[in-house]
Structures are given as C-alpha cells and as structure tokens.
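The values are calculated or read from the model by the stated rules, or taken from the named source; none is laboratory data. As the structure is a prediction and not an experimental result, all values here were calculated from the model. So basically every Cβ, Gly included, is an ideal-geometry build from the backbone, and we count neighbours across all protein chains shown. With ligands, DNA and RNA removed, areas are computed over all heavy atoms of the protein, side chains included. Shrake-Rupley method; radii C 1.70, N 1.55, O 1.52, S 1.80 Å.
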Amino acid sequence: MNKAQAKQLLRHVSLRQLQIFDAIVRLGSFTRAAKELYITQPTVSMQIKKLERSVGLPLFEQIGKQNYLTEAGKIIRMHTQQVLDALANMEMEIADIQGLKTGHLRLAVVTTAKYFAPRALGKFCELYPGVDVSLKVTNRERLLQRLEDNADDLYILGHPPQSNDVIFEPYLDNPLVVLAPRNHPLAGKVDIEPKQLAEYPFIMREPGSGTRMATEEFFTQHKTELNIRMELGSNEAIKHAIDAGLGISVLSIHTLNLEGVKGPLVRLDVKGFPLSWQWHVGHNKGKHLSVIAKTFLHFIKTESDSIMRN
Ligand code: PGA
C-alpha cells in the first residue's frame with residue numbers, strides 16, 4: 001500500500017466500521033452482528049460497503065448463505081484485531097493507573113479444565129469485581145484452532161503445541177488415572193500390569209482430545225492394544241458410561257473434583273499410573289497481553305495450588 005492509499009484509509013475508515021466488521025467475522029453473520037451492536041442490518045451492510053470502498057476491494061464473498069472473508073478481508077481482520085485490542089488495552093491501562101481493574105478477560109480452556117478453571121476464575125472475579133470474563137470450553141484440537149486465530153487472551157490445556165510462536169508454562173499438576181466401577185474385577189487389586197487392562201472394554205475420549213493423546217501414548221509405549229468399546233466426546237459422558245458398567249477409562253483426576261473419592265467410580269492401581277501431566281497456561285508469542293490478562297496469568301500461576309487444595 002502506498003502513502004496516498006494509507007492516508008485514504010486513515011481519512012475514511014472509522015473505528016465503528018472496524019467494530020462492525022469484527023462482529024461479523026466473530027459471529028459469522030451480518031444479522032447477528034447487527035443484534036450484538038444494537039443497530040439495524042441495513043446499517044451494518046452500509047458501513048461494510050463504505051469500508052470496502054475505502055479499502056478498494058470486497059472484504060466478503062457469499063457462497064450459498066455463508067459469508068467468507070476474501071484475501072483482503074483476512075488482512076483487514078488481522079489488523080482490526082490489533083486496533084481493537086490496542087483500544088481495549090488503552091482503556092484497561094488507564095483504568096489501571098486510576099487503581100481500577102476493569103475490562104474483559106477472554107479465556108479458552110480444554111474440556112477437562114472446566115473442572116477447575118471456574119474455581120480460579122471465581123476467586124479472581126471476587127478480587128476484581130470490575131472484570132467480566134468469557135470462558136470458552138472446547139477440546140484440544142479446537143482450542144489450538146482458536147489459538148491460531150488469536151480468538152482469546154489466554155489458553156489452558158494439558159499438552160501445549162510444539163511451536164516457537166507460542167509461550168506456555170506448566171502451572172498445575174494434572175494426574176491421569178484409570179477409573180472403573182466399584183464392582184470391577186480389578187477394583188482393589190494392587191500393581192495391575194497395563195497389559196491386563198486390554199482384557200476389559202475401554203471407553204476412549206474422542207479424537208482431538210488431549211486426554212486421548214496421553215492415553216494412547218502410554219499404552220503404545222507399553223505395547224498394549226486396548227479393547228476400545230466406545231468413543232465419547234465428554235468426560236461426564238464417560239463417567240456415566242463407566243458407572244453403567246460399559247467399560248473403564250483414563251481420565252484426569254480433576255474430573256472427580258465435585259464428587260471426590262466417595263463417588264461411584266474407583267481408581268485402579270495400574271503400574272505407571274497416575275500419568276503425571278501438567279496443565280499449561282499461555283498465549284501466542286506476539287500477543288500483547290492486556291493488564292487484566294497479565295494479572296490473571298500471575299494470579300493462576302501463584303494461587304492455583306492453594307485454590308485446588310481448599
Ligand atoms: P481434553 O484435553 O479435555 O481435550 O482431553 C486435556 C488436555 O489437553 O490434556
């Protein structure tokens with residue numbers, strides 16, 4: 001882009017247009033963007049037309065009923081995100097020097113982290129009542145997609161990606177255990193060989209799950225082919241299936257947070273278990289963390305152990 005074009009953008013593109021554009025991309029529709037911003041759909045379309053005129057290229061193309069970003073749209077999306085993040089940070093930093101911690105925290109966590117992340121969030125919100133939080137819960141694969149799309153401030157997962165473009169730190173233990181119903185033939189036995197588990201039906205998390213990755217890694221190392229009876233996409237569904245006698249499974253100990261050891265499931269004493277994984281928290285390397293995100297990061301790194309103990 002030459003200087004004249006850049007000036008043209010500065011003169012004609014408004015922050016409101018970028019905000020509307022961002023809402024369409026996030027929500028996937030002009031109508032939903034209009035609703036979120038309390039404006040009419042014709043206003044949304046008109047502002048996007050103006051933005052396209054200033055850019056000199058279409059930003060969306062419609063295929064069927066779906067709107068897709070054009071090449072130009074993708075570039076505008078990337079920069080819009082930076083502009084809006086910078087504005088949100090400006091607001092938070094000003095609030096910070098006024099002694100107020102206010103603003104928005106966007107956190108995305110893997111499904112298994114939903115058993116403990118809300119507790120830390122609850123404590124954090126007690127300390128900073130001015131902060132509002134959105135928590136996205138999804139499996140590892142979809143979380144990595146969100147990380148790539150820079151959709152949130154911080155991410156919590158068990159197995160961070162091996163990439164130089166992200167920063168993740170371990171901050172909490174995540175023991176994975178073998179769970180069975182109380183009347184299982186192996187319940188109460190000690191030092192069970194991993195190979196023995198192959199004799200019983202096993203319930204596996206869905207592909208893309210971090211728990212599944214860890215389980216497969218362990219049993220491959222132990223040259224054991226599990227007898228997988230079913231795949232289920234949620235820890236809760238797996239717990240119910242174990243209780244119903246459909247099989248045994250490997251899950252994070254955190255999935256038992258609410259019922260504790262008195263629930264209907266027992267841990268089997270299998271050699272090599274619990275698998276010692278850890279929860280990691282992090283973000284993209286290039287991400288400019290807001291004051292709130294930095295504060296939350298520090299908070300969970302220093303407080304999580306004691307929050308989990310209480
Ligand atoms: P999951 O992730 O909930 O997708 O299994 C857990 C993990 O990342 O270890």
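Before moving on, here are some points about what is shown:
- Taking the criterion of being in contact with a strand residue (DSSP E or B) (Cβ under 7 Å, 6 or more places away or on another chain) and more than 17 Å from Ser14 (Cα to Cα), the residues of the stretch 32-73 that qualify are Phe60, Glu61, Asn67, Tyr68, Leu69, Thr70.
- Once the stretch 136-180 is narrowed to residues that are in contact with a Gly (Cβ under 9 Å, 6 or more places away or on another chain) and acidic (Asp, Glu), the residue that is farthest from Ile203 (Cα to Cα) is Asp165.
- The stretch 155-176 residues that are farther than 16 Å from Thr211 by Cα and in contact (Cβ under 8 Å) with a residue 12 or more places away in the chain, paired with ones that are more than 13 Å from the ligand (Cβ to nearest atom) and aliphatic (A, V, I, L, M) (beta carbon under 7 Å, 6 or more apart): Tyr171/Ile300
- Test: residue in the stretch 170-180 that is more than 26 Å from Gly122 (Cα to Cα) and modelled with pLDDT under 95: no
- None of His12, His79 is at negative phi and either aromatic (Phe, Trp, Tyr) or in contact with a helix residue (DSSP H, G or I) (Cβ under 7 Å, 6 or more places away or on another chain) (or both) except His12.
- Filtered residue count, the stretch 212-228, keeping only those that are more than 11 Å from the ligand (Cβ to nearest atom) and touching a Ser or Thr at 6+ places or on another chain (Cβ under 9 Å): 2
Yes or no, residue by residue, for (1) more than 17 Å from the chain's Cα centre (by Cα); (2) away from the ligand (no atom under 13 Å from the Cβ):
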position	(1), (2)
Ser134	no, yes
Arg140	no, no
Leu144	no, no
Ala151	no, yes
Leu154	no, yes
Pro160	no, no
Val166	no, yes
Pro170	no, no
Val178	yes, yes
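- In this structure, Arg53 does satisfy being more than 30 Å from Asn284 (Cα to Cα) and not aromatic (Phe, Trp, Tyr).
- Strands (runs of 3 or more DSSP E) contained in the stretch 120-196 and holding at least 1 residues farther than 18 Å from Leu297 by Cβ and open to solvent by less than 40 Å² (accessible area, probe 1.4 Å): 131-138, 166-181
- The stretch 238-253 residues that are touching a residue at least 40 places away in the same chain (Cβ under 8 Å), paired with ones that are of a type in the set (A, V, I, L, M, F, W, C) and assigned to a helix (DSSP H, G or I) (beta carbon under 6 Å, 6 or more apart): Ser249/Ile238; Ser249/Ile242
- Restricted to the stretch 200-211, and to residues there that are assigned to a strand (DSSP E or B) and within 11 Å of Ile238 (Cβ to Cβ), the residue that is farthest from the ligand (Cβ to nearest atom) is Phe202.
- Filter result (open to solvent by 90 Å² or more (accessible area, probe 1.4 Å) and touching a helix residue (DSSP H, G or I) at 6+ places or on another chain (Cβ under 6 Å)) within the stretch 52-76: Leu57
- Filter pass, Lys74 being more than 30 Å from Glu236 (Cβ to Cβ) and not in a helix (DSSP H, G or I): no
- Just one residue in the set Leu246, Leu258, Leu268 is away from the ligand (no atom under 16 Å from the Cβ), at pLDDT below 95 and either among the aliphatic types (A, V, I, L, M) or open to solvent by 20 Å² or more (accessible area, probe 1.4 Å) (or both); that residue is Leu258.
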